[in-house]
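Taking it in order: structure first as C-alpha cells, then the write-up.
The values are calculated or read from the model by the stated rules, or taken from the named source; none is laboratory data. Remember, it's a predicted structure, so these values are computed and weren't measured experimentally. Ideal geometry is used to build each Cβ from the backbone, glycine not excepted, and the neighbour counts take in all protein chains shown. Accessible surface is based on the protein model in full, side chains and every heavy atom, while ligands, DNA and RNA are left aside. Shrake-Rupley method; radii C 1.70, N 1.55, O 1.52, S 1.80 Å.
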Amino acid sequence: MASVVLSEAEKLYIVHGVQEDLRVDGRGCEDYRCAEVETDVVSNTSGSARVKLGETDILVGIKAEMGTPKLEKPDEGYLEFFVDWLVY
C-alpha cells in the first residue's frame, strides 16, 4: 500500500477538525451525505451503476466479452473487460 506523507500543518488541520467536530464542507464528523445507488442504468453493458453522493454523481458501465482462442493457443481462451466511468 502506498504511504501518504503529511506535513505538520496538514496533521494539525486534521486533528483540530476532529477535535472541533468540523469538516471542510461544514458538516460535523458524524454527519453523512445521502447516497443513492441505481443499477442496470445503461442497457448496452454487462453491468452498470449510478451513484449519487451529495453533489457528486458517478456513472459506471462495464462490458465483458469472451474471446475466441488464438490459433497458436487453442486451449487458452481469454476475457476482455471494458470499463467506462464518468464523474460529474
Rounded to the nearest 20 Debye, what is the dipole magnitude of the chain about its Cα centre when Lys and Arg each give +1 and Asp and Glu each give -1 at the C-beta?
100
Kindly provide the GluC sites (Glu not before Pro) of the chain that DSSP labels as loop, not H, G, I, E or B, and whose Cβ sees at most 11 other Cβ atoms within 10 Å.
20, 30, 55, 72, 76
Nitroxide proxy distance, nm - points 7 Å out along Cα→Cβ at residue 62 and residue 83:
0.7
With every protein chain in place, the chain: carbon and sulfur % of accessible area (1.4 Å):
57
Mind checking the full-extension length gain between residue 14 and residue 70? Use 0.36 nm per residue of separation minus the Cα-Cα distance, one decimal, nm.
14.7 nm
Between helix 8-19 and the chain: long-axis angle, C-alpha atoms, 0 to 90°, nearest 10:
80
Sparse-neighbour loop sites [trypsin sites (Lys or Arg not before Pro); the range 36-88; at most 14 other C-beta within 10 Å; DSSP]:
70
Whole-Hz Karplus ³J(HN,Hα) for the range 74-80, in order, using 6.51 cos²θ - 1.76 cosθ + 1.60 and θ = phi - 60°, x for Gly and Pro?
x, 8, 10, x, 7, 10, 10
